[in-house]
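Single-structure report; data block below.
Every read-out reported here was derived from the displayed coordinates using simple, explicitly stated rules and does not represent laboratory data. Just so it is clear, the structure is predicted and the values come from calculations on it, not from any experiment. Cβ: placed from backbone, ideal geometry, glycine included. Neighbour counts: every protein chain shown.
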Amino acid sequence: MLDQETIQNNFLENCIKNYKIIVDTCSLITEGVDKFWLRIVPMLSREGKSIILPYSVYLELNKLAAKNDLEAIRARDNLIRLQRAKLIEVYADPNDGDFADNVILRVLTQKRLQYNILLITQDRGLASEALKIGKDNAAVQRIKSILVQKINKDGFLEIFFDNKDRKPAEPPPDIPAEEKFNLATQVVNIEGKLPVSHVPTQDEFVVAVKNGNTTQIKLLEEIGAGGEGSVYKTDIDGVVAKIYKSERLTRLRYEKLRLMLSKRIDCDGVCFPLAMLYNQRNLEFVGYLMKSAAGKELGRSIFLPPLLKKHFPHWQKADTVQLCVTILKKLKYLHDRNIILGDINPYNILVVSPTEIYFVDTDSYQVEGFICPVGMPTFTPPELQNKPIGLRSFGNESFAIATLLFMIMLPGKPPYAMQGGESLSANIIKGDFSYPLGEKKTGKAPMGPWRYCWSHLPYKIKETFYETFRYDGSHHAEQNRYSTAEWLRQFEYYLDLLNSGKMLAQDAESLQLFPKRFKKQKDINYVKCRLCGREVEEYRTEQGICKECLNDGEHHKCARCGEEMIYTNYQKYIKHSRPYELCQKCSETVFEQRVCPSCGSIFSITFGEKLYFDNNGLVLPRRCKNCRGKSF
Amino acid sequence: MNDLLKQQDLVNNPQARVPVCLCLDISDSMNQIVGGETRDTGRAEFRDGQMWKIVEGGVTALDEMVEGVRSFYANLKEDEVASFSAEICVVTFGGTSPKLVMDFANLNLQSEFPDLTADGETPMGEAVNLALDCLEKRKQEYKDAGVDYFQPWLVLMTDGAPNGSKSELERACKRTSELANARKLSIFPIGIGNEADLKTLAKFSPRRAPLRLKNMNFKGFFEWLSQSVSRTSQSMPGEKVELDTTKIPGWAEL
């Protein structure tokens, strides 16, 4: 562990580099402010950065100073000196009133999309208003963040709403009976198909029925089709219709949907059935109505690193952690109502932003005795591997949730992929989870960035995964697994650590989706890579460039075969060589065979050699290598 | 430097892989004309075990096959998930020995599928052994790096009968049969045209009977294959893949 002083200095340096810092009046006259200035002023001058001082804060200090407030006088004089040294920048807007709080909040609102902002204040009210602005931001697309800190008596910055202030886990909410399903112990089995004379399609009308009320609805364009049927837009904005193929219109499905519609389920982003749909001609069951979804499937965005970068280029760790919180809140809503998803997988959760997601394919959810008939092995717990699908328990579901969360934290990597592993299913049954927890390690964690991602998780989160996935873990057995509420608490805590600046204070690399190294350790020297600017272990750099950057570079194609090649930064900056025009295979491929006029042997000229001669303005040699340069 | 990219993809790409081996016949008989306009040269030659009439122009079975493989690549690359999970290796057999044309790698890191020339014999056993060796090597690389993979696929296409080494052929049949019976390999033996020796093909594949390609419909076959691979890559490892057999009649004679 790093000591308090080092942590604080790291934090301040990171803030100075990455944040606009605004300071409030009350912090300038608080007890530890002198120590704070002593610490931060040398850093500011070194980095050539300054702190923002709203003019109204200065006016407030002046007012206090006029009343002979000694602290205020000292603070004001300090500020004047700092301004001369260009270490503070006075911010004034002609429209600003005198009240500093309002000015600060306006600055936050205006600048939050452009800059990361650190507000230093002692005022709890202002702090909570400022944090609210930060949270609004998440609803758009979180790119920049707002941190709020106060100065303590040692001159250290600390967060306002510490975990100590956090409420203990809430007791399970009281869900009214009209929202809650029963738990069943027996599978409902209803055989047989329902007759259907006509399956409606685009531009036809269907009849929606909910609680005895009927409405005519027009099917508009088809927006998706799969094995079960098609989904159409409708003439109701934000509502779509799923129409099954005729062979899928079974009595079982009809009864299940009827049960699903008997409860009031209404959760933002959960595309739960809203009404039953019948064809117009004979009022035969054809499908159901639901809210429309948007976004990219987890499996086609977050789980494939290049697509993650493409669709969510600005995301950081805090965004994926927020995404987990958002997912968990919806899962908790459903679990509180005894709905078990059953087939949790990355293709039925769609992502718009960290706070806007959609659960689709809800008609497969397990309600009472109606099972979810599908599932994917990666998300199937050991006790159900290779078994026919029946009723699932909350314990079964918790395994799937843990797997999903793990695969969001280590984007796309399944928890049991490991060196020397067997088949995926065998690994799950074996429970030989390969990522370490403290001293407990197998040394078999996969190669690549995955160990770094793992290393930067907070200990509590690692422990929760470890105890769930490892065969001898305390929460591995079905009945002992963590509840959705507990996972939610854990990830809210993680989000707090990120948003409060605590993770930043320890190690800025922890904020990255793909950290470039393990979490900082005490006895290792860190330097800034001169290409990516990130702090890396000194021993893993060459001429100030980190290993990852050395192996990275510009991509181009082989001039002959079109195979993708990379001109690495190692070649460029360390070896100072030019990019290869040909891949190795083409370079060694024979361009032409010639007969040596001197010795009569046949020799080859490769494409690589040809390129060399061409580039140097030379004609291709007539003689073989042995005879070249000899005089005859 | 391409090797570096491949190594990076191996460890950085979290997706479970679907390794597919294509074992393709490019013996002389694949030069047979299957379509297009031809002009008779009046000559005839004995090659690859048969007498052939020599013509100019026309479309050969090889042309159709190469086009089919190219469309296979194109279809997989179009599917976001499949392009990160499918890995293809191509071994051809013609001349006197098999040839590794494409080794396993992320599809986007492989070079363009080259033009092939058909000539010589049908060393099928040797080719299947080479393909299995490549597959074993790749599987070991997956294990060493900690990468999940699906049960590998082997597609074996021929228009004739093997005429390479007998012992190699027997060894190859034994290897594929053992793997298939242990459910560690899915084999798709495909006969091209009427001369294809389905009896020998069957020896490679104890669990799935060989199919004969209908009307040289390579395009139909490879379309079906890419759809099947896509479906596999979107489910998760270990899941039993249900092949869409309803589409098979489009390209096969059952």
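Taking trypsin sites (Lys or Arg not before Pro) across segment B:178-227, the ones in a DSSP loop with at most 11 further Cβ atoms lying within 10 angstrom of their Cβ are B:ARG183, B:ARG207. Specify whether the C-alpha gyration tensor of segment A:47-105 places it in the rounded, prolate or oblate class, a ≥ b ≥ c being the square roots of the eigenvalues: rounded for a/c under 1.5, otherwise prolate if a/b is larger than b/c and oblate if not. Oblate is the answer for segment A:47-105, as a/c is 1.5 or above yet b/c matches or exceeds a/b. Scaling the Cα radius of gyration of segment A:4-161 by the globular reference 2.2 N^0.38 Å produces a ratio of 0.99.
Computed from backbone phi with θ = phi - 60° and the Karplus coefficients 6.51, -1.76 and 1.60, the 3J(HN,Hα) list for segment A:190-200 is 10, 8, x, 9, 9, x, 9, 7, 7, 9, x Hz; x is used for glycine and proline. Label point 7 Å out from B:GLU170 along Cα-to-Cβ: which residues of segment B:128-145 have amide N under 17 Å? Those under the cut-off are B:129. DSSP assigns beta bridges within segment A:4-161; of those with both partners inside it, close to 20 percent run antiparallel.
Equivalent ellipsoid of segment A:589-632: semi-axes from √(5λ) of the C-alpha gyration tensor, largest first, are 19, 13, 7 Å. Between B:ALA86, B:ALA61, B:ALA44, the residue with the greatest mean-square fluctuation in the GNM of chain B (Cα pairs under 10 Å linked by springs) is B:ALA44. Beyond 21 Å between alpha-carbons counts as too far, so tell me which of A:LYS440/A:LYS519; A:LYS547/B:LYS137; A:LYS317/A:LYS516; A:LYS585/B:LYS6 fall in that bin. A:LYS547/B:LYS137, as the Cα separations exceed 21 Å there. Under the classification rounded if a/c is under 1.5, otherwise prolate if a/b is larger than b/c and oblate if not, where does segment B:145-222 fall, given a ≥ b ≥ c as square roots of the Cα gyration tensor eigenvalues? It comes out oblate by the Cα gyration axes.
Using the rule -39500 (n - 2.57) for each DSSP H run of four or more residues, divided by the residues of the protein assembly as shown, the 222 nm mean residue ellipticity is -10500 deg cm²/dmol. Give A:LYS310/A:LYS575; A:LYS150/A:LYS329; B:LYS139/B:LYS174; A:LYS296/A:LYS444 a once-over and call out the pairs whose C-alpha atoms are over 23 Å from each other. Table pairs above 23 Å Cα-Cα are A:LYS310/A:LYS575; A:LYS150/A:LYS329; A:LYS296/A:LYS444. Alpha carbon centre of segment A:550-577 versus segment B:132-152: separation in Å? One Cα centre to the other: 27 Å. Highest mean packing comes first when the peptides B:64-73, A:474-483 are listed by Cβ atoms within 10 Å, giving B:64-73, A:474-483.
If you take all C-alpha pairs in chain B, what percent of them are over 21 Å apart? Percentage above 21 Å: 57. Here A:ARG81 and A:TYR493 are evaluated by their C-beta separation; at R0 = 45 Å the FRET efficiency comes out at 0.60.
DSSP beta bridges fully contained in the protein assembly as shown are about 65 percent antiparallel. Ranked by the mean number of other Cβ atoms within 10 Å of their residues, highest first, the peptides A:374-381, A:622-629, B:93-100 come out as A:374-381, B:93-100, A:622-629. Average projection, convex hull of the Cα set of segment A:192-291: 6.1 square nanometres. For segment A:497-632, the Kirkwood hydrodynamic radius comes to 19.1 Å, computed from all pairs of different C-alpha atoms. By the beta-carbon count within 10 Å of each Cβ, the least crowded to most crowded order of A:CYS549, A:CYS561, fewest first, is A:CYS561, A:CYS549. The three principal axes of the Cα atoms in the protein assembly as shown give end-to-end lengths of 116, 96, 53 Å, sorted in falling order.
When both segment A:249-320 and segment A:356-401 are represented by their alpha-carbon centers, they are found 16 Å apart. Here the Kirkwood formula, the inverse mean of 1/r across different C-alpha pairs, assigns segment A:296-511 a hydrodynamic radius of 17.6 Å. Rg then Dmax, both in Å and based on the Cα atoms of segment B:24-125: 16.1, 52. One chain, two ends: A:ASN152 and A:GLN202. Fully extended at 0.36 nm per residue, the span grows by 11.4 nm beyond their Cα-Cα distance.
Within the straight-line cut-off of under 12 Å between alpha carbons, the aspartates and glutamates reachable from A:LYS180 are A:ASP266, A:ASP336, A:GLU368, sequence neighbours fewer than 8 places apart in one chain being disregarded. Spatial offset of segment B:69-91 relative to segment A:177-232 amounts to 37 Å, using the alpha carbon center of each. The alpha carbons of segment B:36-76 stretch over 43, 24, 7 Å along the principal axes, in descending order. Of all DSSP beta bridges confined to chain B, the antiparallel ones make up roughly 40%.
A straight Cα-to-Cα reach below 27 Å connects A:LYS193 with the lysines A:LYS210, A:LYS218, A:LYS233, A:LYS242, A:LYS245, A:LYS256, A:LYS263, A:LYS291, A:LYS387, B:LYS240, B:LYS247, residues fewer than 8 places away in its own chain not being considered.
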